[in-house]
Amino acid sequence: MNALANKRLRLIACLVGTLVLGACASEPPPVPPAELKPTTADVQPLRLWSADTGEAGRGRFEPLVAGDRIVLANGRGRVTSLKRDGGMREWRTELDVRLNSGVGGDESRVYVNDVNGVVHALDAATGERLWERAATSEILRPASAGFGVVVVRSTDGRVVALDPEDGSERWSVSNTPPALTLHGYSQPRLLDGGVLVGLDDGRLLALNMGNGKLIWEAVISVPSGRSEVERLVDIDADIVLDNEGIYLANYQGKVARVEPGRGQIVWSIPMSAGAGIALLDDSLIVIDEKDAVHRLDKQSGQILWSNDTMPGRRLSPPAFTPAGDVVVGDVEGYLHVLDLNSGTLIGRTRLTDEPIMARPIATDDAVIVQAVDGLVAAYRFAR
């Protein structure tokens, strides 16, 4: 779990304690970032271009790569489209409202969410405002778009499918979250005919894309323990999938592979993870709550290697370089490259001195990175 989630979790727990007990225990200091370990320098990061799009904020502001453009948002309501080749600005739209997540969408439309729970749809080519749709509560993750539908999830547990043409509601499903949860949740994942939703109670739901009805559910972890904190099993890491399986991880729980057709668990291993996971061919990369990076065999769940040299660095969700190595950002604005075969640190560069919380986004020939200060850059990692 990253530092932001830690802080919010402690704050929520403190508020609960204040309401119930009238007091809250003092907080332990956060783990300081570990000293940087030397790398082999087998990979030389090359910055191809950079741009300043304005302070992104501490929400989940991830770049969206849609065709030949990159669309980014910041906390002050600015949405910017850059050319993927060269980073030149195509358009900029000022929404005059504070945002807390974005960007979702595709090559036709992009979507951002404001602090009041309103979804804003923009034309991807021009930035023109198309429509707005209010949700029942705050939306902390980007909208998921594809297969002719837009799906958003709000903090009250409601999942809503919207028509991309006008934002009208097609269906909605409500799931009451537990009394105490981490501040955040995984982004709904779309696949042909279905919507995958990871819940705060450790369940994975597969919903019919046409009507929202339940197809199946899989219990990844069962809450256990005497306190509400001990019972936290939120599925906050984004779900990844391929033609063979669905892969996910939860806090104080497990990493698991689920069979797509019926929701049966193929394998699971104990591991607490909240930062994120990534999948490439037969390799599953997981970052656990202590900032250790693990490579798992996707067929069996066997841990092939672990790198625990970066505790306290609050690593971003992982991604892969075009060459197939692992890349993660950290709280001090560094990008770290790990060899896929061994887990060895083989390269490093610094984008900024502000945290990189968003997942790096890989294209065919580069990796796009956005920091919370709004600096975005494209890197090539040459061996």
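The values are calculated or read from the model by the stated rules, or taken from the named source; none is laboratory data. Keep in mind that this is a model prediction, so the values were computed, not measured. All Cβ positions, even for glycine, are placed from backbone atoms using ideal geometry, and neighbour counts span all protein chains on display. SASA here: full protein model, heavy atoms, side chains in, ligands and nucleic acids out. Shrake-Rupley method; radii C 1.70, N 1.55, O 1.52, S 1.80 Å.
So the values come out like this:
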item: For the range 199-323: rounded, prolate or oblate by the Cα gyration tensor [a/c cutoff 1.5]; result: oblate
item: Of [x] 0.94; [y] 0.99; [z] 1.11, the label for Rg/Rh (Cα atoms, Kirkwood Rh) derived from the coordinates; result: [x]
item: Estimated vicinal HN-Hα couplings, Hz - the range 242-250 in sequence order (Karplus 6.51, -1.76, 1.60; Gly, Pro = x); result: 9, 5, 9, x, 10, 10, 7, 9, 9
item: Shape category assigned to the range 74-152 from the gyration tensor of Cα positions, a/c cut at 1.5; result: oblate
item: Net charge over other residues, Cβ less than 13 angstrom from the Cβ of T40 (K, R count +1; D, E count -1); result: 0
item: Total charge dipole magnitude, the range 238-290, about the Cα centre, Cβ charges on Lys, Arg, Asp, Glu only, Debye to nearest 20; result: 240
item: Amide H partners (placed H, <5 Å) of R313, local residues excluded; result: A34
item: 222 nm mean residue ellipticity, helices alone, for the chain (DSSP H n ≥ 4; -39,500 (n - 2.57); rounded to 500); result: -1500 deg cm²/dmol
item: Trypsin sites (Lys or Arg not before Pro) within the range 239-298: DSSP coil, no more than 10 neighbouring Cβ in 10 Å; result: R262
item: Magnitude of the charge dipole, the range 285-383, Cβ model with Lys/Arg +1 and Asp/Glu -1, debye to 20; result: 160
item: Inverse mean reciprocal Cα-Cα distance (Kirkwood Rh) of the range 143-258, Å; result: 14.5
item: Cα pair count fraction exceeding 24 Å, expressed as % - the range 262-383; result: 23
item: Rounded FRET efficiency, nearest 0.05, which uses the C-beta distance separating N116 from E217 and R0 of 25 Å; result: 0.20
item: Surrounding net charge for G77, when Lys and Arg each add one and Asp and Glu each subtract one, Cβ distance under 9 Å; result: 0
item: Accessible-area composition of the chain, carbon plus sulfur, in percent [1.4 Å probe]; result: 48
item: Tensor-based shape of the range 90-134 (alpha-carbon gyration tensor, a/c under 1.5 rounded, otherwise prolate or oblate); result: prolate
